[in-house]
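J.: Handing you this structure, nothing more for now.
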Amino acid sequence: MKLTLGIALLLSTTSLWASELKAVGRNYTFSCGHFTSVQGDLVLSFTDTTLPWGSSVSFITGWEGRQGFPEKRFDWKDRQEWTASATAPYTWTLKITKVLHERSHASFLDTLNFVVKLHPPGGPDSFIHGNSPWGFFKVRLVEKEPGRCISNEWDLPEFSSLPIETVDRY
């Protein structure tokens with residue numbers, strides 16, 4: 001009895017039985033001689049072993065950044081809903097490639113805001129959006145400076161793990 005209880009307690013406390021979000025990304029400039037544009041690649045992964053088989057997942061996204069002179073911050077620009085691909089049992093992945101800044105434009109996208117929308121079969125949709133009713137997650141793709149310049153597609157920087165921040169809004 002003690003062994004069964006101990007195994008049940010261990011299994012209930014591992015991350016295998018909870019939902020998990022991961023983000024990896026990179027950003028880069030296409031021209032080393034003359035600044036042209038900054039592009040970003042982002043991969044979001046969501047795993048939840050408690051969802052019923054046949055569920056699907058989508059991400060509702062919007063970009064955050066700065067625009068104008070003097071600079072002003074904005075958020076949730078270009079709001080869009082994306083259907084994630086099932087990439088493993090109970091795991092869905094979204095890959096986004098976006099031009100973050102174009103030459104001669106006064107806006108620069110640096111952060112992706114998002115919520116996760118769950119679509120269980122035969123049930124109502126639900127959302128994972130942080131710790132508050134209007135909350136969301138954010139992933140900063142560009143910290144201070146754009147990534148390094150590349151000379152061709154074979155010169156792309158490696159993806160790196162990105163921290164996911166929870167934003168509480170009431």
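Bear in mind that the values in this text are calculations on the coordinates, not laboratory data. Everything numeric here is computed off the predicted structure, so don't read it as measured data. Counting neighbours? That spans all protein chains shown, and the Cβs are built from the backbone with ideal geometry, glycine included.
J.: Indicate the gyration tensor shape class of segment 49-170 (rounded, prolate or oblate), computed on the Cα atoms with a ≥ b ≥ c the square roots of the eigenvalues: a/c under 1.5 is rounded; otherwise a/b larger than b/c is prolate and the rest oblate.
T.: Oblate, since a/c reaches 1.5 and b/c is not below a/b.
J.: Using only DSSP helix segments of four residues or longer, with each worth -39500 (n - 2.57), what per-residue ellipticity at 222 nm results for the chain after dividing by its residue count and rounding to 500?
T.: On the way: 1 runs with 12 residues, N = 170.
Only helices count here, giving -2000 deg cm²/dmol.
J.: Fewest Cβ neighbours within 10 Å first, please rank Val99, Val43 accordingly.
T.: Val99, Val43
J.: Related question: If you add up the charges near Lys117, with Lys and Arg at +1 and Asp and Glu at -1, over every other residue whose beta carbon is less than 14 angstrom from its beta carbon, what do you get?
T.: -2
J.: So which lysines can Lys77 reach, going by Cα to Cα under 26 Å and dropping same-chain residues fewer than 8 places off?
T.: Answer for Lys77, where 26 Å is the Cα cut-off: Lys22, Lys95, Lys98, Lys117, Lys138, Lys144, listed by chain and number.
J.: If the cut-off is a Cα-Cα distance under 19 Å, which aspartates and glutamates reach Lys72, setting aside same-chain residues fewer than 8 apart in sequence?
T.: Glu64, Glu102, Asp110, Glu143, Glu145
J.: Can you tell which of Ala106, Ala84, Ala23 shows the greatest fluctuation in a Gaussian network model of the chain with Cα springs below 10 Å?
T.: Answer for the Gaussian network model of the chain: Ala106.
J.: What's the exposure ranking of Thr47, Thr83, going from fewest to most Cβ atoms within 10 Å?
T.: With the sparsest Cβ surroundings first, the list reads Thr83, Thr47.
J.: Okay, moving on. Could you work out the relative contact order of segment 67-170, using alpha carbon pairs under 8 angstrom and six or more residues apart, expressed as a whole percent? Write down the numbers at each step before the final one.
T.: Details: 115 pairs, mean separation 22.3, N = 104.
RCO, segment 67-170: 21 percent.
J.: Still on this structure, please answer the following. Using the number of other C-beta atoms within 10 angstrom as an exposure proxy, rank Glu64, Glu165 with the fewest first.
T.: Least crowded to most crowded, the residues run Glu165, Glu64.
J.: Hey, another quick one. Using a Gaussian network model of the chain whose springs link C-alpha atoms within less than 10 Å, name the residue from Glu102, Glu143, Glu20 with the highest mean-square fluctuation.
T.: Taking springs between Cα atoms under 10 Å, the residue moving most is Glu143.
J.: Here is a further query. Would you look at the GNM of the chain, springs on alpha carbons closer than 10 Å, and say which of Thr97, Thr111, Thr61 moves the most?
T.: Thr97
J.: Relative contact order (percent) for segment 83-136, with alpha-carbon contacts under 8 angstrom and 6 or more residues of separation?
T.: Numbers: 40 pairs, mean separation 9.9, N = 54.
In percent, rounded to a whole number, it is 18.
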